[in-house]
Amino acid sequence: MKYRHAFHAGNFADVHKHIALVALLRALQRKDKGFFFLDTHAGRGRYALASGDARTSGESQAGIERLLATCDRSSRQAAAPELADYLNVIEGWRRGADARHDYPGSPLIAAQLLRPQDQGSAIESQPAEFEALRKALGRGSRIVAEHGDGYQRLRAHLPPASRRGLVLIDPPYEDTRGDFRAAATAVRDALERFATGVIALWYPMKDQRDTDRWLQELAHGVGRPMLAAELWIHPPDSRAGLNGSGLAIVNPPFQFAERCDAWHAQLQEILGGAEAGSRIVSLVAESR
Ligand SMILES: C[S@@+](CC[C@H](N)C(=O)[O-])C[C@H]1O[C@@H](n2cnc3c(N)ncnc32)[C@H](O)[C@@H]1O
């Protein structure tokens, strides 16, 4: 069966990944010089949460909807700036798209934030998802939708002319072992061409021992500053399916880890129960 992100759109893992995405894009925007954003596994871009697959799964209720209800406008100033920023971006998109019950995927979130000097490409391999993405981005978007294999297109796009950029690698992990392997190869490929690029690779937390081993191997092959930002809602070794959401970030921006600790703590409290937790693991000493 072909993976359909609509089942998971706006769930706790999407929220975790997209808060980090907004924070990473903002960090690149501290400088005026433009940059390139590459989304290797883009999805369809726009997800209707009140109908179809998303409604069937109900996952967004325990994700974006719970977060919005907890951090409403009156209480938002108490939230970590990264969390508040993300929620403002989602609400801004909903207002602009006149879509109160929809959720924007990574390419649409990035399209909201890119400045005139920034550019982006979003790659999707499934024809129907790609068509939906092209439509969702619309004409005149700073992000170009491409139909193809994100792992291959990554090689063609890097290094970007601006020599500044963020690569988001977010595979479906339908073939779990295959995607863990392919994603690690993609990170090495990207760094061979673009050693200073910021790379964010999402991974599912299922079996902690396997994931920890994979992270160590990844860090060894990377040889650049790298951290793992993990948030779990079930104990990392439970058999619940998806226990948590992980992001391996290569060349993290200055003080990303410290800031991440602060918004992780709030997110874990809001979206998780007694079994939730989070951690930042520094895998290669972060450059200062
Ligand atoms: C987890 S979803 C992406 C979600 C999206 N990044 C977001 O955060 O909103 C993964 C997507 O990758 C697509 N996909 C699977 N294999 C791919 C490949 N080799 N190249 C590009 N896209 C692929 C799937 O069809 C699916 O839409």
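Since every read-out is calculated from the coordinates, none of them should be taken as a lab result. These numbers come from a predicted model, not from an experiment. Here the Cβ positions follow ideal geometry from the backbone for every residue, glycine too, while neighbour counts run over all protein chains shown.
Can you give the net charge of the other residues whose Cβ lies under 9 Å from the Cβ of Asp102, counting K and R as +1 and D and E as -1?
Overall, the nearby charge balance is +3.
Each residue of the range 185-200 in order: what ³J(HN,Hα) in whole Hz does its phi give by Karplus 6.51 cos²θ - 1.76 cosθ + 1.60, θ = phi - 60°, with x for Gly and Pro?
My calculation for the range 185-200 gives 5, 5, 5, 5, 4, 4, 6, 4, 8, 8, 5, 9, x, 8, 10, 10 Hz in order.
Could you tell me whether the range 129-288 comes out rounded, prolate or oblate from its Cα gyration tensor? Rule is a ≥ b ≥ c as square roots of the eigenvalues, rounded for a/c under 1.5, then prolate if a/b exceeds b/c, otherwise oblate.
Cα axes put the range 129-288 in the prolate bin.
For the chain, what is the calculated [θ] at 222 nm in deg cm²/dmol (nearest 500), taking -39500 (n - 2.57) for each run of four or more DSSP H residues and dividing by its residue count?
-13500 deg cm²/dmol
Treating only the Cβ of Lys, Arg, Asp and Glu as charged (+1, +1, -1, -1), what charge dipole size does the range 5-284 show about its Cα centre? Round to the nearest 20 debye. Could the numbers behind the result be given before it?
Values: 34 positive and 34 negative charges, 191 e Å.
So the dipole magnitude of the range 5-284 works out to roughly 920 debye.
Using alpha carbons only, how many angstrom separate the centre of the range 132-203 from the centre of the range 36-85?
The two parts, judged by their Cα centres, are 22 Å apart.
Pick out, from Leu227, Leu191, Gln216, the residue whose Cα sits farthest towards the positive end of the charge dipole of the range 190-233, with +1 on the Cβ of Lys and Arg and -1 on the Cβ of Asp and Glu.
Of the options given, the answer is Leu191.
Neighbouring Cβ atoms within 10 Å as the yardstick, rank Arg73, Arg94 fewest first.
Arg73, Arg94
To the nearest 0.05, how large is the calculated FRET efficiency for Ala262 and Ala50 if R₀ is 22 Å and r is the Cβ-Cβ distance? Please report the intermediate quantities before stating the final value.
Details: r = 32 Å, r/R0 = 1.46.
Computed FRET efficiency for Ala262 and Ala50: 0.10.
What number, in percent, do you get for the relative contact order of the chain if the mean sequence gap of Cα pairs under 8 Å and at least 6 apart is divided by its residue count?
Contact order relative to length: 20 percent.
What distance in nm separates the simple spin-label points at Glu275 and Arg181, each placed 7 Å from Cα in the Cβ direction?
3.1
Once you have a ≥ b ≥ c as the square roots of the Cα gyration tensor eigenvalues for the range 155-208, tell me rounded if a/c is under 1.5, and otherwise prolate or oblate according to whether a/b is larger than b/c.
It is prolate, given that a/c is not under 1.5 and a/b is the larger ratio.
Please compute the net charge surrounding Arg76, taking Lys and Arg as +1 and Asp and Glu as -1 over other residues with Cβ under 11 Å from its Cβ.
On the way: positive: Arg73; negative: Asp72, Asp85, Glu91.
Spelling it out: positives minus negatives among the neighbours equals -2.
Find the percent of Cα-Cα distances in the range 223-267 that exceed 13 Å, and round it to a whole number.
Value for the range 223-267 (Cα pairs over 13 Å): 61 percent.
Assuming a ≥ b ≥ c are the square roots of the Cα gyration tensor eigenvalues, decide whether the chain counts as rounded (a/c under 1.5), prolate (otherwise, with a/b larger than b/c) or oblate.
Note, shape of the chain comes out rounded.
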